Amino acid sequence: MIKIENLCKTYKTIQALNDVNLQVNKGELFAFLGPNGAGKTTTIRILTGLTRLSSGRVMLNGFNVENPGIESRRQCGLVPQSINLDQELSVFENLNIHGRLFRMNKQKRIRKIQELLDYVEMGDRKKTLVKNLSGGMKRRLMIARALLHSPAILFLDEPTVGLDAGMRRKIWALIKKTQQHGITIFLTTHYIEEAEFLADRVAFLDRGNIVVVDSPGNLINSQGTWALDRLMEDDMETIYFNDRKEANNYIAIRKDSFTLRRVNLEDSFLALTGKKVK
Ligand SMILES: Nc1ncnc2c1ncn2[C@@H]1O[C@H](COP(=O)(O)OP(=O)(O)OP(=O)(O)O)[C@@H](O)[C@H]1O
Ligand SMILES: [Mg+2]
């Protein structure tokens with residue numbers, strides 16, 4: 001379980017996080033959604049002990065992140081935003097080093113590496129040098145590496161950034177499957193549909209402040225069911241309706257150019273923050 005209380009982080013003059021309070025339950029898949037610079041990576045770095053907090057308290061399964069020891073580090077698996085694999089080493093060697101850092105014995109290491117490579121569908125890539133893998137394979141390898149020491153909580157910082165739609169869906173399936181194995185998942189994303197598809201609950205983060213925390217379903221429903229985008233001279237206006245017929249009646253008596261679509265999480269984010277995520 002993740003418990004964040006009154007968390008603040010300041011970098012010199014920048015307030016990156018401002019009084020963040022949050023609880024993520026065991027087994028939950030929680031998404032932190034926000035635009036560039038919102039404070040998503042800062043939060044993950046603090047939770048995983050890579051960056052020090054300025055004030056507040058963060059507990060991971062009863063361990064305070066400010067006093068990291070091997071036991072508290074074992075609780076977390078991290079897939080960072082940028083690829084930090086050793087490009088000159090093979091897939092197996094990258095995983096093997098990680099297992100040794102976590103003091104896994106050889107027999108267990110070898111067994112788990114094979115198991116996880118099969119899990120991310122890279123069982124035949126053991127000897128391939130990382131520099132020769134595709135972007136999607138590198139991301140999957142980072143997920144395998146984060147899971148190698150059997151963490152209770154998996155942190156994923158923008159797990160599908162820069163990937164095509166097919167690979168993104170593959171990674172989504174992998175993340176869901178990981179949750180089904182009982183692992184708590186905390187991910188950040190600025191892809192609306194990623195949060196909408198994956199998360200049990202989502203927090204909207206805007207310039208270091210949590211704006212709202214709820215399930216994607218509740219957030220979407222709070223806006224109505226149908227969204228009508230009206231094309232303006234230099235912008236777009238969106239009007240919300242609960243009933244499709246109502247929306248069509250609205251269009252019928254006007255000459256403007258409209259697009260009718262279902263409400264999504266972006267509408268909710270826009271309504272609460274006044275800005276788009278991307
Ligand atoms: N090491 C640092 N030193 C100074 N400022 C930093 C540092 N790291 C982050 N910041 C600032 O803190 C704020 C939050 O950054 P952060 O990287 O957490 O955002 P993010 O939500 O992950 O953004 P992105 O979507 O671009 O990854 C930004 O204003 C950023 O410039
Ligand atoms: Mg980031």
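When Rg is the radius of gyration of the Cα atoms in the stretch 69-174 and Rh is its Kirkwood radius, what does Rg/Rh come to?
Result for the stretch 69-174 is an Rg/Rh of 0.94.
Evaluate the charge dipole of the stretch 86-174 about its Cα centre and quote only its size in Debye, nearest 20, assuming +1 on the Cβ of each Lys and Arg and -1 on the Cβ of each Asp and Glu.
Computed charge dipole of the stretch 86-174: roughly 340 debye.
Taking the beta-carbon count within 10 Å as an exposure proxy, list Cys76, Cys8 from fewest neighbours to most.
Ascending Cβ contact count within 10 Å gives the list Cys8, Cys76.
To make sure I understand, if each residue's beta carbon is the centre and we count other beta carbons within 10 Å, what order do Leu22, Leu154, Leu89 fall in, fewest to most?
Fewest-to-most ranking of Leu22, Leu154, Leu89: Leu89, Leu22, Leu154.
Among DSSP bridges having both ends in the chain, what percentage is antiparallel? Round to the nearest 5.
Around 65 percent of the beta bridges assigned by DSSP in the chain are antiparallel ones.
Grab the beta carbon distance between Lys177 and Glu88, set R0 = 25 Å, and tell me the FRET efficiency rounded to 0.05.
For R0 = 25 Å, the calculated efficiency reads 0.25.
Going by a ≥ b ≥ c, the root eigenvalues of the Cα gyration tensor, does the stretch 2-219 fall in the rounded group (a/c under 1.5), the prolate group (a/b larger than b/c) or the oblate group?
Since a/c reaches 1.5 and a/b is larger than b/c, the shape of the stretch 2-219 is classed as prolate.
Work out, step by step, the length gained on full extension between Gln81 and Lys127: first 0.36 nm times the residue separation, then minus their alpha carbon distance; give nm to one decimal.
Length difference between fully extended and current span is 14.1 nm.
Between the stretch 50-129 and the stretch 227-278, how far is it from one alpha carbon centroid to the other, in angstrom?
Centre-to-centre distance over Cα atoms comes out at 44 Å.
Can you compute the helix-only [θ] at 222 nm over the chain? Use -39500 (n - 2.57) per DSSP H run of at least 4 residues, normalise by all residues, nearest 500 deg cm²/dmol.
After summing the helix terms and dividing by residue count, I get -10500 deg cm²/dmol.
Rounded to the nearest 0.05, what FRET efficiency do Leu50 and Leu260 have when you use their Cβ-Cβ distance and R0 = 45 Å?
Efficiency, from the Cβ-Cβ distance: 0.50.
Suppose R0 equals 30 Å; then what is the FRET efficiency for Val211 and Arg103 from their Cβ-Cβ distance, rounded to the nearest 0.05?
Rounded to the nearest 0.05, the efficiency is 0.15.
Quick note: the coordinates plus some simple rules give every number you see, no bench work behind them. In this text, all values refer to a predicted model and were calculated from it rather than measured experimentally. Neighbour counts run over all protein chains shown; Cβ positions are idealised from the backbone, glycine included.
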